[in-house]
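The values are calculated or read from the model by the stated rules, or taken from the named source; none is laboratory data. Quick caveat: nothing in here was measured; it's all calculated off a predicted structure. Cβ coordinates were reconstructed from backbone atoms using ideal geometry, including for glycine residues, and neighbour counts include every protein chain displayed. In case anyone asks, the SASA skips ligands and DNA or RNA and just uses the protein heavy atoms, side chains included. Shrake-Rupley method; radii C 1.70, N 1.55, O 1.52, S 1.80 Å.
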Amino acid sequence: MQRQEEMWRPGPVVMMKKMSVLLLVVLMILFGGPLTTTATAAAGGNATRPLGNGKHKQHQKPLAPALIVFGDSIVDPGNNNDIHTIIKANFPPYGNDFQNHRPTGRFCNGRIPTDFIASRLGIKDLLPPYLSPQPLEKHDLVTGVSFASGGTGFDPLTPQLASVISLPDQLTMFHDYLAKVRDSAGDARASEILSRGIFAICAGSDDVANTYFTMRARSNYDHASYAQLLVQHATGFVEDLIRAGARRVAFIGIPPIGCVPSQRTMSGGLDRGCSQGHNEVAVAYNAGMVQQLAALRAKYPGTLLVFMDIYGFLYDMMMHPRSYGFTESTRGCCGTGLLEVSVLCNGVTSAVCQDVGDYLFWDSYHPTEKAYKVLADFVFDNYIKLILA
């Protein structure tokens, strides 16, 4: 494990820049978590992270042999807990509504989308992080894991500035994972995972919200050219995954990131409206990925590539929350709901809303478990069937 952690430490080239933006990351980007805080200590540190249960009872024949996930905090179940980064969520009140009210490293009050998807596929109730402090049981290993790292993105600068696991490094971890599957379950099982397993990719929001707009780390790019930069890197990652053997790939587009509470607060003016610039980049990126995935389908005819468009659905949830069972969609449940995320959303200084079920967002950046369930059902009902065809 020590060898893997060293792989993701920033090199000297980026250290000075990282130090100069660290305070900005904590106070403005607000997606980080403490290395050592009273909240972390109160949670018992990394020992609180749950794993998928090897004794999971199957109520149906699994629709796929495994779910393999790459991406950012939306689908990170705790990989950031044990790497050298401030971007963590393994302290209260995160996990308030999880099993035994335990913080796990999930940036949510409870389960995240990949947990719901894995459950609906009949695979298991929780999708575990690959970087587990305890060795994964054989059942969890062969039925899939998440390599996602909160704060990462397709822009190479994004994981460097945040000291998190890049998408290329997540792919390296996947190769290591395959070797473990072969050792524990044989070549046939590894081949089945590659041919019939579902590979999900969810990233891009941190590139737009943090690297591009908050840190202005790509100030020489306009909205269109930055969207194209992300498309270029995202397409390269998808192709690398296909070359690694994946045959059923679900690619999740960027949501209306300009409408999440923190971006409303920082970029939405006095009335905290949606940030038009953020959403313009997201829309341009999504359109570009639709085109590039079509090109990859033609290039790799034996591969199922599905673009999962969540932009319009989430935008409607944000604009018409009552239609989905919510009353508040512009503030998070934690603290004031305006800026609190991770280190500022803690069990010491942040009160939690009285009824989390009313809220679309748990903190100022991430949806609640209830909202994730609604989103996961939408994704499953509209797109997963295309992957399973």
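Of note:
- Relative intensity, log₁₀ I(q)/I(0), of the range 173-249 from a Debye sum that treats every alpha carbon as a point, q = 0.16, 0.24 Å⁻¹: -0.70, -1.05
- Peptides 138-146, 273-281, 175-183 ranked from most to least packed, by the mean per-residue count of other Cβ atoms within 10 Å: 138-146, 273-281, 175-183.
- Cross-link pairs beyond the 27 Å C-alpha cut-off, checked among Lys61/Lys299; Lys124/Lys299; Lys61/Lys88; Lys180/Lys385; Lys61/Lys373: Lys61/Lys299; Lys124/Lys299; Lys61/Lys88; Lys180/Lys385
- Residue order by solvent-accessible surface for Leu230, Leu344 is Leu344, Leu230, largest first, with ligands and nucleic acids left out and a 1.4 Å probe.
- Accessible-area ranking of Asp309, Asp76, largest first, probe 1.4 Å: Asp309, Asp76
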